[in-house]
Amino acid sequence: MDTKTEFMEEQQMFGHPKGLFYLFFAELWERFSFYGMRALLTLYMVNVIFEALVARDYAAAAVYSSYGSLVYASTVIGGRISDTILGMRKSIFLGGVLMALGHFVLAIENNMAFYLALALIVVGNGFFKPNISTFVGALYKDGDPRKDSGFVIFYMGINIGGFAAPLLCGWLGSEYGWHYGFGLAGIGMLTGLIFFWNGIRKNVFGDKGMPPSEAVLEKKVVGVKQKVLVPVLACAAAPVIAFLLSSYRPLGAEGSFFEDQNIVNVIFKLVGVTILLYLGYIMFKATLDERKKLFMAVLITFFMTIFWGFHELSGSVITLFAERNVNLSIVDAAQTNALNSMYIIILSIPISLLFTYLSKKKLNPRTPYKFGMGLAFAGISFYILALSGGSADENGMVPFSYLLIMYFLISVGELFMSPVGLSKITDLSPKRIVAFMMGVWFLSSAFAFQVVGFIGKQLAVESTDANVGGFESLDIYINGFELIAQYALGAAVIVLVTAPLMKRLMGDVH
Ligand code: GLN
């Protein structure tokens with residue numbers, strides 16, 4: 001390494017590598033685009049794309065679920081291609097460009113363009129999201145104690161984007177039209193790319209994020225250099241994914257096994273079984289100590305899936321509930337999507353300080369207890385929403401305060417689980433498969449969207465009336481929220497009761 005690079009690598013800002021702040025702003029704007037679009041997505045589908053269908057809620061729930069599952073599953077492939085061919089920098093660029101393109105295509109009002117746009121975001125996110133997260137880790141040497149707080153700062157960036165976007169894109173969407181909202185999301189993504197580009201120009205990343213070797217980029221496969229082949233195949237994947245997204249209808253007739261299953265549902269079931277079999281095989285070959293830890297890693301990923309399965313309802317069922325049955329004055333339904341991020345911004349530092357304080361006092365609860373509590377918070381949050389039915393006015397509208405409390409509770413739950421689980425996965429996985437386990441961790445969000453789709457279809461209101469609402473939808477939602485609360489609390493009880501047993505599986509990992 002020459003002295004210049006070494007000097008550049010040591011550039012610091014607020015006690016962290018300077019590169020962190022460029023990644024912070026790049027991710028802030030990428031999440032701005034992601035969550036700005038997500039805030040409008042379900043309402044756009046119900047009111048525009050599927051406007052004429054009686055089963056428009058069903059169709060919207062199915063597409064939202066397929067989109068969410070694929071957008072997180074693609075990160076496994078994007079991470080792998082980055083490791084073996086492109087490196088993080090090129091992957092982030094490719095991903096960012098595809099995502100920006102997706103948002104701009106979404107600004108075109110046309111059904112074909114709609115699915116293609118979502119598909120471009122799926123592929124783009126696959127290259128962007130896992131690599132920018134790994135890039136943060138790569139800025140710190142192994143064992144650097146600043147790494148955890150680096151991730152807390154990065155998570156803040158994510159949520160600043162997640163907070164501002166629904167407010168601004170939601171406002172543009174309702175005031176000027178959907179396309180302005182989607183267009184702003186696209187501009188957000190371009191802004192993120194400019195921040196990242198600036199970081200590279202100013203050499204704040206040192207030698208991090210380069211491809212594994214020049215040779216691998218230049219290597220020809222079927223006569224084409226890999227550095228050209230990857231973007232070409234990424235673009236070619238978009239129409240295929242668009243087709244999968246548009247296949248929201250069930251594959252079989254009523255009464256058959258496939259009555260509620262579309263192609264994406266079936267694919268995810270097969271992928272799930274394959275991964276479980278593969279994990280079983282790995283465990284079989286592992287040592288006893290590794291086996292116990294892997295089993296624990298699988299368990300926490302499983303419970304995280306349940307949590308996200310309820311949490312990610314915010315962009316679908318809860319947005320529709322807000323639109324149809326919540327008395328809103330300051331914000332509109334799309335804008336209520338900002339609440340989760342708002343609470344994360346407020347709570348993440350106090351909660352991380354609380355855990356550090358408890359650690360010093362040797363009172364920090366072990367991971368299974370935190371997970372149990374996280375699920376309990378999710379359960380109580382949905383119970384609060386279910387209770388809102390009792391305060392409905394004569395039009396079937398409930399007070400906004402219920403939604404405010406619900407988001408507060410589920411955000412506390414998120415902070416008890418998501419950042420904790422992320423670091424435990426690395427501790428619990430044998431080093432040779434840690435990257436694979438990270439992929440499995442991201443897949444927990446992908447599978448969660450299958451849960452979201454299942455619930456969304458159950459809570460679909462059948463109507464073509466643009467102003468459907470009142471007690472017709474309220475009853476459906478309230479019953480659904482009560483059931484969700486029971487499932488989440490049931491899961492919490494299982495985790496908390498078996499926590500002493502899990503302690504034995506985790507060994508010295510706290
Ligand atoms: N809100 C977080 C993010 O956008 C986590 C979302 C998830 O994994 N489901 O990065």
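Here the Karplus curve 6.51 cos²θ - 1.76 cosθ + 1.60, taken at θ = phi - 60°, turns the phi angles of the stretch 303-309 into couplings of 5, 5, 4, 4, 4, 4, x Hz, with x standing for Gly and Pro. Straight-distance candidates among the lysines for linking to K431, with alpha-carbon spacing under 26 Å and chain neighbours fewer than 8 residues away dropped: K90, K129, K141, K147, K208, K285, K292, K293, K370, K503. Would you mind counting up the charge near A165? Only other residues with Cβ under 13 Å from its Cβ, with Lys and Arg at +1 and Asp and Glu at -1. Here the count lands on 0. Cα gyration tensor of the stretch 177-290, axes a ≥ b ≥ c as square roots of the eigenvalues: rounded (a/c below 1.5), prolate (a/b > b/c) or oblate? It is oblate, given that a/c is not under 1.5 and a/b is not larger than b/c.
Backbone geometry of the stretch 68-84 corresponds, through the Karplus equation with coefficients 6.51, -1.76 and 1.60 at θ = phi - 60°, to 3J(HN,Hα) couplings of x, 4, 6, 5, 8, 5, 5, 5, 5, 6, x, x, 5, 5, 5, 4, 9 Hz, x marking Gly and Pro. In terms of surrounding Cβ atoms within a 10 Å radius of their Cβ, I318, I275, I476 rank from fewest to most as I275, I476, I318.
Between V152 and E218, what is the FRET efficiency for a Förster distance of 41 Å, r being their Cβ-Cβ separation, to the nearest 0.05? Plugging the Cβ-Cβ distance into 1/(1 + (r/R0)^6) gives 0.55.
Can you tell me the relative contact order of the chain? Whole percent, Cα pairs under 8 Å, sequence separation 6 or more. Averaging sequence separation for qualifying contacts and normalising by length gives 23 percent for the chain. Annotation: amide H of V326 within the under-5 Å range of V398, sequence separation 5 or more or interchain, hydrogens built in the peptide plane. For Y58, the shell of other residues with beta-carbons less than 11 Å away shows a net charge of 0, using +1 for Lys and Arg and -1 for Asp and Glu.
Placing a pseudo-label 7 Å from each Cα along the Cα-to-Cβ vector at L277 and I405 gives an inter-label distance of 4.8 nm. Take the alpha carbon atoms of the stretch 210-252, find their center, do the same for the stretch 26-102, and report the distance between the two centers in whole angstrom. Value for the Cα centre distance between the two parts: 16 Å.
Taking other C-beta atoms within 10 angstrom as a stand-in for reagent exposure, C235, C169 fall in the order C235, C169, fewest first. Computed over neighbours whose Cβ is under 15 Å from that of K225, the net charge equals +2, Lys and Arg +1, Asp and Glu -1. Summed over qualifying helices (DSSP H, 4 residues or more, each -39500 (n - 2.57)) and divided by its residue number, the chain shows a 222 nm mean residue ellipticity of -26000 deg cm²/dmol.
Please list 350-363, 128-141 highest first by mean number of surrounding beta-carbon atoms within 10 Å per residue.
Top of the packing list down: 128-141, 350-363.
By the count of other C-beta atoms within 10 Å, a proxy for reagent exposure, M406, M437, M283, M13 are ordered fewest to most as M13, M283, M437, M406.
Note on V493 and I108: the extension gain reaches 133.8 nm, defined as 0.36 nm multiplied by sequence separation minus the Cα-Cα distance. Counted without the sites themselves, the longest stretch of the chain free of GluC sites (Glu not before Pro) in a DSSP loop having at most 14 other beta carbon atoms within 10 Å is 110-253.
Any read-out appearing in this document is the output of simple, stated calculations on the displayed coordinates, not a laboratory observation. Model, not experiment: these values are computed from the prediction. Reconstructed Cβ throughout: ideal geometry from the backbone, glycine too, with neighbour counts over all protein chains shown.
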